[in-house]
1. Could you list, ordered by first residue, the pairs with Cβ atoms under 7 Å in which the first is in the range 133-148 and free of Cβ contacts under 8 Å to residues at least 24 places away in the same chain and the second is open to solvent by 10 Å² or more (accessible area, probe 1.4 Å), at least 6 apart or interchain?
2. If we only count strands (runs of 3 or more DSSP E) wholly inside the range 83-190, which ones have 2 or more residues that are among the β-branched types (V, I, T) and farther than 22 Å from W65 by Cα?
3. When you check P60 against the structure, is it open to solvent by 30 Å² or more (accessible area, probe 1.4 Å) and closer than 21 Å to T195 by Cβ, yes or no?
4. Is it the case, given these coordinates, that A216 is open to solvent by 10 Å² or more (accessible area, probe 1.4 Å) and among the hydrophobic types (A, V, I, L, M, F, W, C)?
5. Does V136 count as under 17 Å from L77 (Cα atoms), open to solvent by less than 50 Å² (accessible area, probe 1.4 Å), touching an Asp or Glu at 6+ places or on another chain (Cβ under 7 Å) and not small (G, A, S)?
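The values are calculated or read from the model by the stated rules, or taken from the named source; none is laboratory data. It should be emphasised that the depicted structure is a prediction, and the values quoted were computed from it without experimental measurement. Positions of Cβ are backbone-derived with ideal geometry, glycine not excepted, and every protein chain shown enters the neighbour counts. Areas reflect the complete protein model, heavy atoms only, side chains present, ligands, DNA and RNA absent. Shrake-Rupley method; radii C 1.70, N 1.55, O 1.52, S 1.80 Å.
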Amino acid sequence: MKNLISHLGHALAGAAIIATFIPTSASGAPFTLALTTSFDCASANPPAGAGSVNCNPGTPQHLEWVQGLNPVSSLDLSDTVQNNVNAGDAPVIIGTITHTNVVIPTQFQYSINIINSFAVTDEADLSVDNFPPQAVGITFTESLNEEPCPAPNPELSVCDDFFTFDVSGLAPVVFTDSEGKQRTVVFGLLAGPGTTIIGDQVFTEEDGVSSISFTAQIVAVDTPATLLLFGLGLLMIGFGIRRQQQHGL
């Protein structure tokens, strides 16, 4: 059951990322999309505190880590409010993770949740949907900076660090607008400078500043894009179940 739930989350989020690139017809009033992000220090593993992973609830959008006293690498969250977004518009950026990556001459790993609170507001303030906070889990691997670097190392630095995202936290959400029409918001990830996305892994170059963004797109519930979204999700779940059966899982 745990593996099936995992496949379901990856299927929905993977299909959501694909669906963000499918155009749909625009209709209805424009909307405002607002995302609020923060690190959940209590979820850090190893436990957050002064040391390897420093997460302070007083600065919920900043996280840093170090082995010894220095150097220090960090992650910073920023949120973007997008106005005048219509159903069928291209995906828009609603939040960004900036990674300041310095060379730390050791290898270790930590995990932590990013809590996302998402809201949709009708431009006439006639309808507001505040969705329950969702946790997007990330596991960060600080690489050992010695060649040869393990594949794929797409940024060609010595050697790329990488995040693994629990993309189930990016599953689509449905809301009803002020005209009584149902809409779906699909989410995705967009690689910025110094960043490469491969599956659910995000690679960032050493000794530089890179970024990855959360995107959102509004589609109508009954559009072909949404039907394809759920169709692809079911198809990917089927593949996952067959792979489990083939491997005896």
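1. Filtered contacts from the range 133-148: P133/I115; P133/N116; P133/S117; E147/V158.
2. On the way: elements: 92-101, 108-122, 128-130, 134-142, 161-165, 173-176.
Because the criterion is at least 2 residues that are among the β-branched types (V, I, T) and farther than 22 Å from W65 by Cα, the strands (runs of 3 or more DSSP E) in the range 83-190 that meet it are 92-101, 108-122, 173-176.
3. Numbers: open to solvent by 30 Å² or more (accessible area, probe 1.4 Å): yes; closer than 21 Å to T195 by Cβ: no.
The answer is no for P60.
4. Numbers: open to solvent by 10 Å² or more (accessible area, probe 1.4 Å): no; among the hydrophobic types (A, V, I, L, M, F, W, C): yes.
Criteria not met by A216.
5. yes
Yes or no, residue by residue, for (1) within 11 Å of the chain's Cα centre (by Cα); (2) in contact (Cβ under 8 Å) with a residue 60 or more places away in the chain:
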{"residue": "P150", "(1), (2)": "no, no"}
{"residue": "L170", "(1), (2)": "yes, yes"}
{"residue": "V174", "(1), (2)": "no, no"}
{"residue": "R183", "(1), (2)": "no, yes"}
{"residue": "E206", "(1), (2)": "no, yes"}
